[in-house]
Amino acid sequence: MFSTYKMMEVLDCLDDINEMVKSSDEFKNYIFYKNKLEEDYETKALIDQFNKLKLDFEEVERFGRYHPDYKEKRKNIRLFKKKVDLNENVIEYRRAEYVLQNLLDEILYVIGKSISNHANVVSSNPFFSNGESNCMTGGGCSCAS
């Protein structure tokens, strides 16, 4: 068990890592595009309209394809989502978000692997996944060992 002093040291190190991430270009870029997304009138209007369409579709979706407007509303929401996805601010925001997520994944991977090769590091990036089962016995888990 960690002593209180050791726990405070770990928390201080985490604060340092947090500050390093916040001062990184990846984080600054993410915040820039996040603000741009929220402040651009056209983009904000697109997102608001999409959210309204989504709520409307959720009401219809409760009845599934048996609802008379299901196909039309599903088509409309898909087309509108494509319009939102092709908005330059949304594209840049998602790109910045992806880059920041990769930085965070890499940090977690380095920390996890410095503790143990069997540490289970959860990541959506396959680069940071070792492809192993992370079983403590080193096996492909059905845990016979």
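The values are calculated or read from the model by the stated rules, or taken from the named source; none is laboratory data. None of these values were measured; they are calculated from a predicted model. Quick reminder, even Gly has a Cβ in these numbers, built from the backbone with ideal geometry, and neighbours come from all protein chains shown. Note: accessible area is taken over every heavy atom of the protein model, side chains too, but ligands, DNA and RNA are not part of it. Shrake-Rupley method; radii C 1.70, N 1.55, O 1.52, S 1.80 Å.
Pick out the one residue from Phe57, Phe2, Phe63 that is touching a helix residue (DSSP H, G or I) at 6+ places or on another chain (Cβ under 8 Å), hydrophobic (A, V, I, L, M, F, W, C) and exposed (fewer than 10 other Cβ atoms within 10 Å of the Cβ).
Phe2
Which is assigned to a loop (DSSP other than H, G, I, E, B) and over 20 Å from the mean Cα position of the chain (by Cα), of Phe2, Phe57?
Phe2
I'd like the full set of residues that are in contact with a Leu (Cβ under 8 Å, 6 or more places away or on another chain), part of a helix (DSSP H, G or I) and touching a residue at least 40 places away in the same chain (Cβ under 8 Å), limited to region 23-46. Give the derivation first.
In the first step, residues of region 23-46 are kept if they are in contact with a Leu (Cβ under 8 Å, 6 or more places away or on another chain); the result is 24, 26-27, 29-30, 43-44.
Then drop every residue that is not part of a helix (DSSP H, G or I), which leaves 26-27, 29-30, 43-44.
Scanning region 23-46 gives Glu26, Phe27, Asn29, Tyr30, Thr43.
Of the residues Lys73, Lys28, which is open to solvent by 70 Å² or more (accessible area, probe 1.4 Å) and among the basic types (Lys, Arg)? I'd like the intermediate steps shown before the answer.
Working: Lys73 fails: open to solvent by 70 Å² or more (accessible area, probe 1.4 Å).
Answer to the selection: Lys28.
From the list Leu46, Leu79, Leu37, which one is surrounded by 14 or more Cβ atoms within 10 Å (Cβ to Cβ) and modelled with pLDDT of 95 or more?
Leu46
Please enumerate the residues belonging to region 84-110 that are surrounded by 13 or more Cβ atoms within 10 Å (Cβ to Cβ) and over 19 Å from the mean Cα position of the chain (by Cα).
Across region 84-110, the qualifying residue is only Asn87.
Looking only at region 60-84, how many residues end up being outside any helix (DSSP H, G or I) and touching a His at 6+ places or on another chain (Cβ under 6 Å)?
From region 60-84, those outside any helix (DSSP H, G or I) are 62-63, 67-69; that's our starting set.
Cutting the leftovers down to touching a His at 6+ places or on another chain (Cβ under 6 Å) gives us none.
Residues flagged as outside any helix (DSSP H, G or I) and touching a His at 6+ places or on another chain (Cβ under 6 Å) within region 60-84 amount to 0.
Could you tell me how many of the residues in region 45-59 are farther than 20 Å from Lys83 by Cβ and among the hydrophobic types (A, V, I, L, M, F, W, C)? Before you say what the answer is, go through the steps one by one.
Taking region 45-59 as the starting set, the residues that turn out to be farther than 20 Å from Lys83 by Cβ are 59.
Right, trim to among the hydrophobic types (A, V, I, L, M, F, W, C) and you get none.
Total satisfying the criteria: 0.
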